[in-house]
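The values are calculated or read from the model by the stated rules, or taken from the named source; none is laboratory data. Source: prediction; values computed, not measured. No Cβ is skipped: glycine too gets one built from the backbone with ideal geometry, and neighbour counts run over all protein chains shown. Side chains included, ligands, DNA and RNA excluded: accessible areas come from the protein's heavy atoms. Shrake-Rupley method; radii C 1.70, N 1.55, O 1.52, S 1.80 Å.
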Amino acid sequence: MKRLKRKKQNGGVVVNGNGSFTREPGCGRKQKLAEIHQALISDPVDIETLRRAAVSKGGLLTDELRRKVWPKLLNINVYELPHKPGRDVRENHKDYNQVVLDVRRSMKRFPKGMPASERAVLQEQLIDIILEVLKRNTQLHYYQGYHDVAVTLLLVVGERMAIALLDTLSNYHLRDFMDPTMDSTKHILNYLMPILEQVDLELHDFMIRAEVGTIFALSWLITWYGHVLSEFKHTLRLYDFFLASHPLMPIYLAATIVLHREKEVKQTECDMAMVHHLLSRIPQDLPYELLIGQAQDLFEKYPPSLLAKRAALQSRKSRSISTFQAFQLSTLHQRPDSVLQRLTKAQGSTTSRHGLEAALPGDRGQLWRRGNRMVKMAVWGLSATLGAAVFAVAQTAMDWGPEALLQLF
């Protein structure tokens with residue numbers, strides 16, 4: 001196995017032109033906070049510093065900073081946010097029933113101890129956010145797991161900003177998952193084995209013999225790991241990383257997780273069901289900062305352009321990959337919020353609560369309590385015991401669609 005260089009994770013990183021980062025010795029928490037603040041008030045906004053902060057150790061540190069930085073990473077003007085969805089967003093929507101079903105069984109994604117009435121309000125908002133984005137983008141197709149991305153955004157930034165963030169992500173980073181078929185998603189998953197082959201040929205060959213494929217990583221990829229991590233802080237750390245990185249970075253992280261568990265995998269019986277069972281369950285005590293650094297190392301050493309030369313990756317063009325460079329360039333000329341606020345007022349947009357104040361949740365409990373406390377929702381439970389027979393057909397199940405597959409993990 002080629003040992004990955006384990007660079008120290010207590011420094012900063014330098015943004016490279018290809019969407020990767022090179023770490024450099026650097027700053028502690030206070031210096032990082034100062035650098036983020038200075039980047040936010042620079043004109044134009046210093047987006048490279050913000051990306052560097054999101055990727056380096058600890059990510060963006062607090063939800064307050066995420067509410068300021070995430071919009072900049074996605075080139076969103078917080079003073080021109082979409083309005084809250086009206087009641088008509090749910091009328092005659094083809095995905096309404098599936099979205100409601102997924103949201104109602106997503107209780108584990110909400111903070112432990114949250115009163116049921118508050119969670120119900122957020123779940124109603126989550127349904128509206130998803131349907132609003134789909135309504136705005138009729139070319140996009142809902143998939144199970146999409147709600148896992150949406151709920152992460154909602155819990156951090158509130159309803160209106162979550163719509164704006166999710167809309168942009170859906171058209172760029174998540175675009176390949178929102179086709180009418182699974183072909184583009186399979187294309188992204190196909191990058192995993194070539195990465196493993198480059199780093200650890202023995203591990204790669206073991207997995208080939210086991211015929212385990214890459215389905216174990218499906219829910220990791222399409223939910224940005226939100227579906228499989230129990231600690232919300234870990235989910236947020238990865239979202240900081242992914243929002244500032246190339247759209248394929250989640251698959252590079254998947255490779256580092258598999259490589260990190262190399263010994264476990266090789267000690268497992270070389271059987272599809274056994275290996276799939278092991279890999280599909282992510283340990284909750286992973287060294288995330290180390291793995292993030294290793295994912296960056298892999299990206300720099302084996303960039304997508306190199307891996308795409310392989311025959312299995314040549315036949316399909318990824319929308320997320322092909323639009324990434326232009327998207328990155330579009331983020332480089334943003335004005336700071338103080339300037340945007342003045343411009344908004346100068347244009348006569350003085351209606352209260354149509355800007356940043358309306359979008360940013362202050363006290364989270366206060367935000368949740370704005371909704372209708374009388375909303376009562378049934379809790380949908382879903383449990384299944386999967387035997388070897390299920391795993392035996394899992395590889396061909398990729399053709400069924402993500403809504404069937406995600407329930408396996």
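Table: residues versus (1) of a type in the set (A, V, I, L, M); (2) without any contact (Cβ under 8 Å) to a residue 24 or more places away in the chain; (3) under 27 Å from Leu73 (Cβ atoms); (4) assigned to a helix (DSSP H, G or I).
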{"residue": "Leu253", "(1), (2), (3), (4)": "yes, no, yes, yes"}
{"residue": "Glu269", "(1), (2), (3), (4)": "no, yes, no, no"}
{"residue": "Leu286", "(1), (2), (3), (4)": "yes, no, yes, no"}
{"residue": "Gln296", "(1), (2), (3), (4)": "no, no, yes, yes"}
{"residue": "Glu300", "(1), (2), (3), (4)": "no, no, yes, yes"}
{"residue": "Lys317", "(1), (2), (3), (4)": "no, yes, yes, no"}
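Report, by residue number, each residue of the stretch 91-128 that is acidic (Asp, Glu) and either assigned by the TED database to the domain that holds Phe232 or open to solvent by 20 Å² or more (accessible area, probe 1.4 Å) (or both). Within the stretch 91-128, Glu91, Asp95, Glu124, Asp128 qualify. Only a single item in (1) touching a strand residue (DSSP E or B) at 6+ places or on another chain (Cβ under 8 Å); (2) open to solvent by 30 Å² or more (accessible area, probe 1.4 Å) is not met by Lys263, and it is number (1).
Scanning the stretch 192-238 for residues that are part of a loop (DSSP other than H, G, I, E, B) and open to solvent by 10 Å² or more (accessible area, probe 1.4 Å) yields Glu211, Gly213, Thr214, His227, Val228, Leu229, Ser230, Glu231.
Taking residues in the stretch 41-57 that are part of a helix (DSSP H, G or I), and partners anywhere that are of a type in the set (Ser, Thr, Tyr), the pairs with Cβ atoms closer than 7 Å and at least 6 places apart or on different chains are Ile41/Ser338; Ile47/Thr331; Val55/Ser245.
A search for C-beta distances below 7 Å between a residue of the stretch 332-344 that is within 16 Å of Leu81 (Cα to Cα) and part of a helix (DSSP H, G or I) and any residue that is of a type in the set (A, V, I, L, M) and modelled with pLDDT under 85, counting only pairs 6+ apart in sequence or on different chains, returns Asp337/Leu356. Looking at Arg281, Arg369, Arg364, Arg373, just one residue is of a type outside the set (A, V, I, L, M, F, W, C) and either assigned by the TED database to the domain that holds Ala210 or modelled with pLDDT of 80 or more (or both), and that residue is Arg281.
So is Pro180 of a type outside the set (Ser, Thr, Tyr) and in a loop (DSSP other than H, G, I, E, B) or not? The answer is yes for Pro180. May I ask you to list the residues in the stretch 49-90 that are open to solvent by 20 Å² or more (accessible area, probe 1.4 Å), under 20 Å from Phe232 (Cβ atoms) and of a type in the set (D, E, K, R)? Across the stretch 49-90, the qualifying residues are Lys57, Asp63, Glu64, Arg67, Lys68. The C-beta contact set for the stretch 105-119 (first residue among the charged types (D, E, K, R), second residue exposed (fewer than 12 other Cβ atoms within 10 Å of the Cβ) and modelled with pLDDT of 90 or more, distance under 6 angstrom, 6+ apart or interchain) is empty.
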